[in-house]
Amino acid sequence: MSRSGDGWHGQRYSDARALVRKEQHGHASTPAHATQFQRSVMQTKQQIQSLLAQAGLSPRHRFGQNFMIDQNLLRIVADAGNPGADDTIIEVGPGTGTLTEELLARGAKVVAVEIDRDLAALLRERFRDESRFSLIEGDALDSKHSLNRDLLAAIETASRPVKLIANLPYNIASPLIIELLIAGVELLAFTVQKEVAERLRAAPGTEEFGALSVMVQLLAKVEILRTLPPTVFWPAPKIESALARLTREDRLGGRAREFSTFLQRLFSSRRKTLRKSISDSHHNPPQLLAQLAIDANARAENLSPPQLLLLFDTIND
Ligand code: SAM
């Protein structure tokens, strides 16, 4: 659906122009590019507010509803995933469909998953004539360590490549990223809280390093493309965000699921020494660690991702 093809746009844009004129009145020296930026932000914010108001809705904090209102950034997020006509794009948390529209405009098929049933109704209406749009209504995760089964089926049967492009709901971001990588998604471009983005590329021995860092680093190339201030969202969250891109580079193959379970166990008691934390899985941990030249008092957080994988492989040999 093209942006200009939307019935309500004309009216919203003229409302926005009036607001921009009002805003400009006291700011005669505002540079042209800043004015353009403000205009685009206000138009996008107004569109979202108007869509919500028409449906009698307001942002729901419990679903992490912070809508991206910077149109420039919406394009940047969409482009970060380089969506093409043959691609299947998973969008978790389409909200009112602002990013969805950018993705459809690039010719991709979009499979969206939205938990909020009121927003799901709004999206069905908004994209009712769009055959490349399909919607799964529900939680993107069936449990902490499993994807929504309809989403999983969609990923398994979709035409490749399958990519995630989304402004993610922050409360499920970490498990969702891991599960999508295990399910075979080729590329993920998403905004997430900056603190989670830091965990994606964290090095061993740091506080941020954990199961998420290890899984992601063994399944993908990690890029943090930019950080984003709270003001690019409405309502503005309390924290900074970041745009990240993960490009599949799979070093786990068929053992990804089991390795993930192994990591969850090791990192759930991260202060324990490895000697203790692997005692359930091996009859002689000190000997095993010595064989791998790992300090017997080391903790999981001290090992690099390849070392953790080697430990897992040796235990399962
Ligand atoms: N895509 C919109 C945008 O770019 O502005 C909204 C992004 S907002 C940060 C997160 C969206 O995820 C909301 O629409 C929210 O209802 C939805 N959501 C929250 N938890 C979810 C879950 N567990 N499964 C699917 N969608 C979820």
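The values are calculated or read from the model by the stated rules, or taken from the named source; none is laboratory data. Computed from a prediction, not measured in an experiment: that's the story for all the values here. Backbone-built Cβ (ideal geometry, glycine too); neighbour counts: all protein chains shown. For accessibility, only protein heavy atoms count, side chains too; no ligands or nucleic acids. Shrake-Rupley method; radii C 1.70, N 1.55, O 1.52, S 1.80 Å.
If you count, for each residue, the other Cβ atoms within 10 Å and average over each peptide, how do 108-115, 296-303 line up from highest to lowest? Display every interim value, and only then the final one.
On the way: 108-115: 24.4, 296-303: 18.1.
Going from most to least packed, we get 108-115, 296-303.
Around L152, what is the net charge, scoring Lys/Arg as +1 and Asp/Glu as -1 over all other residues with Cβ under 10 Å from its Cβ? Mind dumping the intermediate values first?
On the way: positive: R149; negative: D142, D150, E156, E179.
Combined, the nearby Lys, Arg, Asp and Glu give -3.
Hey, what number do you get for the chain at 222 nm if only DSSP H runs of n ≥ 4 count, each worth -39500 (n - 2.57), divided across all residues, to the nearest 500? The partial results should precede the final answer.
Values: 13 runs with 138 residues, N = 317.
Rounded to the nearest 500, it is -13000 deg cm²/dmol.
If you put +1 on each Lys and Arg Cβ and -1 on each Asp and Glu Cβ, how big is the dipole of segment 105-215 around its Cα centre, in Debye rounded to 20? Please report the intermediate quantities before stating the final value.
On the way: 14 positive and 17 negative charges, 82 e Å.
Around 400 debye, computed over segment 105-215.
Only four residue types carry charge here, +1 at the Cβ of Lys and Arg and -1 at the Cβ of Asp and Glu. Report the dipole size of segment 267-315 about the Cα centre in Debye, rounded to the nearest 20. Display every interim value, and only then the final one.
Numbers: 6 positive and 4 negative charges, 52 e Å.
Dipole about the Cα centre, nearest 20: 240 debye.
With a 1.4 Å probe and all protein chains left in place, how much of the accessible area of segment 205-265 comes from carbon and sulfur atoms, in whole percent? Provide the component values of the computation, followed by the final result.
Working: 1400 of 2820 Å².
Looking at segment 205-265 in its full context, I get 50 percent from C and S.
Return the FRET efficiency for the residue pair A203, N284: r is the Cβ-Cβ distance, R0 is 35 Å, and the value is rounded to the nearest 0.05. Numbers along the way, then the final one.
Numbers: r = 30 Å, r/R0 = 0.85.
Computed FRET efficiency for A203 and N284: 0.70.
Between A55 and D86, what is the spin-label point distance in nm, taking each point 7 Å from the Cα along the Cα→C-beta axis?
Here the modelled spin labels are 3.4 nm apart.
Any idea of the accessible area per residue across the chain, 1.4 Å probe, to the nearest Å²? Spell out each step's value before the answer.
Working: 14850 Å² over 317 residues.
Value for the chain: 47 Å² per residue.
With the chain treated as a Gaussian network of Cα nodes joined by springs under 10 Å, which of K221, K276, K194 yields the largest mean-square fluctuation?
It is K276.
Quick one: pull the percent of accessible area on segment 267-315 belonging to carbon and sulfur, 1.4 Å probe, ligands and nucleic acids left out. Could you put the intermediate results ahead of the total?
Working: 1240 of 2620 Å².
Result for segment 267-315: 47 percent of the exposed heavy-atom area is carbon or sulfur.
Report the gain in length on full extension from D150 to K276: 0.36 nm times residue separation, minus Cα-Cα distance, nm rounded to one decimal.
Numbers: separation 126, 0.36 × 126 = 45.36 nm, distance 3.92 nm.
Computed gain between D150 and K276 is 41.4 nm.
Out of P285, I315, F267, whose Cα points farthest toward the positive end of the dipole of segment 267-315 (charges: +1 Lys, Arg; -1 Asp, Glu; placed on Cβ)?
Checked the options; the winner is F267.
Select from L252, Q193, S241 the residue farthest towards the positive end of the dipole of segment 162-267; place +1 on Cβ of Lys and Arg, -1 on Cβ of Asp and Glu, and compute about the Cα centre.
Of L252, Q193, S241, it is L252.
In debye, nearest 20: dipole of the chain around its Cα centre with unit charges on the Cβ of K, R (+) and D, E (-)? It would help to have the intermediate numbers written out before the result.
Numbers: 39 positive and 37 negative charges, 123 e Å.
Dipole of the chain, to the nearest 20 debye: 600 debye.
For a label point 7 Å from the Cα of R62 along Cα→C-beta, name the residues of segment 118-149 whose backbone N is under 15 Å from it.
Residues passing the 15 Å test: 118-119, 139.
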